[in-house]
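Here the structure is laid out as structure tokens; the discussion comes afterwards.
The values are calculated or read from the model by the stated rules, or taken from the named source; none is laboratory data. The structure presented is a predicted model; accordingly, all values stated were derived computationally and were not measured. No Cβ is skipped: glycine too gets one built from the backbone with ideal geometry, and neighbour counts run over all protein chains shown. Just the protein is used for accessible areas: all its heavy atoms, side chains included, with ligands, DNA and RNA removed. Shrake-Rupley method; radii C 1.70, N 1.55, O 1.52, S 1.80 Å.
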Amino acid sequence: MTANKRKPDRVYTLRLLSIINKIRNQRQRSSTDRIVTYMSSIYGLPESEIQAELNAAVKADLIIKCVGAKGKESYKDPLFPNKMPAQSFVRKHSADLRMLVVNAIEALNSPYGSKISVIEHHIRSTHPLDLSQADITPQLKLAVNHGIADGLFTKSGCMVKVIPERAAELKQSDNQAFFVEGVEPSPVCGFCLGTSEQNKNKQAEQLLSCVDCGNSGHPTCLKFSPELTRQVLSEPWQCIECKVCSFCRISGDADNLLFCDSCDKGYHMTCLQPPINEMPKGFIKES
């Protein structure tokens, strides 16, 4: 007598496919461990149940299981067996852009403040994401108005200035407001597979998440100092896979890319003035 073949649950399978695609979009291997960790973290499901539904979906050809040369398994959506489709980077209408305005005004460093048009130009030219197709003008104006009401900005005529004490308070918050539509921050550390509730040391620790791909990591897993962590949380952060040069705005050529020890931004050695030919040793700081 043969055992009844388990039929996969439709809703469960859709959840599994969503998690698999999320992991692959973050340029990680969609292994069993990662899938189980994500499903447990997001939906609170037990490991045995997740494993059983994953196996049932594979047997029903609803999910593709792949085994690599070293025996490492991964899973794929049958609709995207090779490469995940490119995501659309359009800024969320609900995003709070106040800290982007703060960073722009501080970078412009005018004693009289800055016009919103000048602030917008600075954000567009320095932001790690391509904002050429994003209409952020209304959102910047709204962010300034909210900031004035919240005691973050003052405005005299058309000039906007930052109130440093209030800005310092907001810089202790996370960087979730910098995410774009189509990119969701991962609730799981890509290094230790822990969550914000528990890192590799069994302690609660906030996750840093890449604005481009959503990949996340604990500051301790990234070996970030407390000072660097505070700085990264106050502005858009890119993981090493998505990092662009802050001068030329081009990614790639990782062997030629330096990372600032005080802000983690990237700079091609050939883009520096003057250019350098060899990787420096020790502390590297933006100047």
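Pick from the stretch 35-83 the residues that are among the small types (G, A, S) and over 21 Å from S186 (Cβ atoms): which of them is surrounded by the most Cβ atoms within 10 Å (Cβ to Cβ)? For the stretch 35-83, the residue satisfying everything is A57.
In the stretch 185-208, the qualifying residues are those that are exposed (fewer than 13 other Cβ atoms within 10 Å of the Cβ) and not small (G, A, S), and the one that is farthest from G44 (Cα to Cα) is N201. Taking the condition in a helix (DSSP H, G or I) and open to solvent by less than 10 Å² (accessible area, probe 1.4 Å), does V211 pass? No: the conditions fail for V211. For the stretch 231-241, the tally of residues that are under 14 Å from D212 (Cα atoms) and at pLDDT 80 or above stands at 4.
Taking the numbered list (1) over 13 Å from the mean Cα position of the chain (by Cα); (2) of a type in the set (D, E, K, R); (3) closer than 15 Å to K22 by Cβ in turn, E205 passes all entries but (3). Selection of the stretch 84-101 for residues being modelled with pLDDT under 60 and surrounded by 12 or more Cβ atoms within 10 Å (Cβ to Cβ) yields Q87, F89, V90, R91, K92, A95, D96. Contact map, the stretch 189-203: first residue touching a residue at least 40 places away in the same chain (Cβ under 8 Å), second residue surrounded by fewer than 21 Cβ atoms within 10 Å (Cβ to Cβ), Cβ cut-off under 7 Å, separation 6 or more or different chains; pairs are G190/Q28; L193/D33; T195/S41; T195/P187.
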